[in-house]
Every structure is written in C-alpha cells, then in structure tokens.
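To keep things clear, I will list the structure first and then write my remarks on it.
The values are calculated or read from the model by the stated rules, or taken from the named source; none is laboratory data. Everything numeric here is computed off the predicted structure, so don't read it as measured data. Cβ: placed from backbone, ideal geometry, glycine included. Neighbour counts: every protein chain shown. Ligands, DNA and RNA are stripped out before the accessible areas are found, and what is left, the full protein with its side chains, is counted by its heavy atoms. Shrake-Rupley method; radii C 1.70, N 1.55, O 1.52, S 1.80 Å.
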Amino acid sequence: MRDAEFFGRWMAATAVSVEREADRLTELDSPIGDADHGSNLLRGFLAVRAEIDAQRPPSPGAVLQLAGRTLIAVVGGASGPLYGTLLRRTGKELGDAVEVSDEQVRKALYAGVGAVAQLGGAAPGDKTMLDALVPGVAELSTSYRAAAGAAEGGALATVPLQARKGRASYLGARSIGHQDPGATSAALLLRALADTADAADAADAADGPAEEGR
Ligand code: ADP
Ligand code: MG
C-alpha cells in the first residue's frame, strides 16, 4: 500500500528530475515552441514540493490534489493546467483513504490522463504529452518500471510526428523532426514514480516479512 509520504516523495523526485532536465526541456521547446517548458515546470514542481512540505496533506489524494492546484496556480502556458488537471483528477479518484493500492493508483492515473485528453482535446499521435502518458498508463498494469519505459518510448516516438495541438501545431510540417517537450517531461514524471516505488519496495523488503500485511 502507498501512503501520503510515498506521493510526497514522488512529487519531490519529480522536482529533482525537472531541475536536472530543465535546460533540456527548454531546448526541446525552442524549435517547436517558445522555450519556456523547462522553466515553467521547474517553477511548478519547486512550488509543489514546497507546498507539500509546508502543508503535509494527510492522504495520497490530498497530496496530488494540492500538487495539481499548485501547478495550475503557478505555471502559465499550456502545461500548467494540463499537468495540474492530471494530478488533481488523479488525486480526486484516490479519495481520502490514507493508504491506496497500486491497482487504485493505476485506475486513478488512467482517469487523470483521460481528464488531460478531455481538457486539451488531443489524442495520441498529436505530438503532445499524451504520446507519453497514454502508453505509460497502459503499462501500469505490468509495473511502474514498465510504465516509465513505455512513456520514454512514447516521447522518443514523437520525433517524426507533426504536431496537431498546442503551440507546435502552428508550425505545421516544420514541427516534424523534433521531440515534444511535454511528452519528454511526462516521461520524467512516470520515471520518478517508478524510482519512488523501487525505493519504497526495497525499504519494505529490508524490513523483512514481519512487515508484510501490516
Ligand atoms: P506553452 O506551449 O504554453 O508554452 P509549455 O511549453 O509549458 O506551454 O508546454 C508545451 C507542451 O504542452 C507541449 O510540448 C505539449 O506536450 C503540451 N501540450 C500543448 N497543448 C496540449 C494539448 N492540447 N493537449 C495535451 N498536451 C498539450
Ligand atoms: Mg512553451
């Protein structure tokens, strides 16, 4: 089972990897955007981490709803409302249980990705974050690692696509040949989740079988 602390660690791990990759995300957003994706997400996830540290929400759902609200409040542009909706909707689906199962996480993220598609009107193949999120959540039934790998594959597969949504779509065929920044950051989010789950599972294993079923 996964508690509020787990989700706080996921958001903190995302902040760390966005911090590490911010320049690259902004570089990817230069030829097919306005060169702000890295700075947008860095501002967003640093604020998310700070808010979670300050407020210590009591449940997984409350952590993700706070994260989503924070992203919507502090990140301008397309990605703030979209990532904010992803996390808010996922958090709402988790309700106020103090612990949730991986199966609940899978279903909640699936609903969250559905909310992103509804808000942005995009589908896989449109060269957006959905090209990483959709294959990523589809693999959650296998493992968090498989989901992260599928999202990374989905991000790479945006290179030959022509953008049909967002700022990059204004470029038409000139958007072809560049990796989508939002798909790239979506893969970072799912990789941070997989790393957080690996660390939690390793800690559980080290605690030994006495911990099981607690
Ligand atoms: P902006 O485009 O407003 O500058 P960002 O640079 O932060 O915002 O984010 C750009 C990313 O947002 C794109 O790479 C794409 O993945 C994602 N995006 C843009 N529009 C949509 C949409 N309608 N649906 C899903 N994702 C989108
Ligand atoms: Mg941009």
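Observations
- Unique match (being within 16 Å of ligand 2 (Cβ to nearest atom), assigned to a helix (DSSP H, G or I), among the small types (Gly, Ala, Ser) and under 16 Å from the mean Cα position of the chain (by Cα)) among GLY136, GLY91, GLY114, GLY84: GLY84
- Leading residue by the ranking (surrounded by the fewest Cβ atoms within 10 Å (Cβ to Cβ)) among those in the range 1-56 that are small (Gly, Ala, Ser) and within 16 Å of ligand 2 (Cβ to nearest atom): SER30
- Checking the range 14-21 against the condition returns a match, with at least one residue being modelled with pLDDT of 95 or more, part of a helix (DSSP H, G or I), over 15 Å from the mean Cα position of the chain (by Cα) and closer than 18 Å to ALA187 by Cα.
- Of the criteria (1) in contact with a His (Cβ under 9 Å, 6 or more places away or on another chain); (2) free of Cβ contacts under 8 Å to residues at least 24 places away in the same chain, which one GLY149 fails: (1)
- Residues in the range 85-125 that are within 16 Å of ligand 1 (Cβ to nearest atom), touching a residue at least 40 places away in the same chain (Cβ under 8 Å) and surrounded by 15 or more Cβ atoms within 10 Å (Cβ to Cβ): LEU86, GLY120, ALA122.
- Conditions (1) touching a Gly at 6+ places or on another chain (Cβ under 7 Å); (2) over 17 Å from ALA108 (Cβ atoms); (3) small (Gly, Ala, Ser): number failed by GLY68: (2)
- Residue satisfying condition, being within 22 Å of LEU140 (Cα to Cα) and of a type in the set (Gly, Ala, Ser), within set SER59, SER30, SER79: SER59
- In the range 67-78, the qualifying residues are those that are in a helix (DSSP H, G or I) and open to solvent by less than 10 Å² (accessible area, probe 1.4 Å), and the one that is nearest to ligand 2 (Cβ to nearest atom) is LEU71.
- Within the range 171-195, being within 12 Å of ligand 1 (Cβ to nearest atom) and either within 15 Å of PRO124 (Cβ to Cβ) or not in a helix (DSSP H, G or I) (or both) holds for HIS178, GLN179, ASP180, GLY182, ALA183, ALA186, ALA187.
- Candidates ASP198, ASP204, filtered to the one that is under 24 Å from ALA12 (Cα atoms), modelled with pLDDT of 95 or more, surrounded by fewer than 15 Cβ atoms within 10 Å (Cβ to Cβ) and not hydroxyl-bearing (Ser, Thr, Tyr): ASP198
- Number of positions in the range 168-183 that are open to solvent by 10 Å² or more (accessible area, probe 1.4 Å) and hydroxyl-bearing (Ser, Thr, Tyr): 2
- Every residue from the range 22-54 that is part of a helix (DSSP H, G or I) and either touching a strand residue (DSSP E or B) at 6+ places or on another chain (Cβ under 7 Å) or of a type in the set (S, T, N, Q) (or both): THR26, SER39, ASN40
- Unique residue being within 14 Å of ligand 1 (Cβ to nearest atom) and in contact (Cβ under 8 Å) with a residue 60 or more places away in the chain when the list is ALA157, ALA168: ALA168
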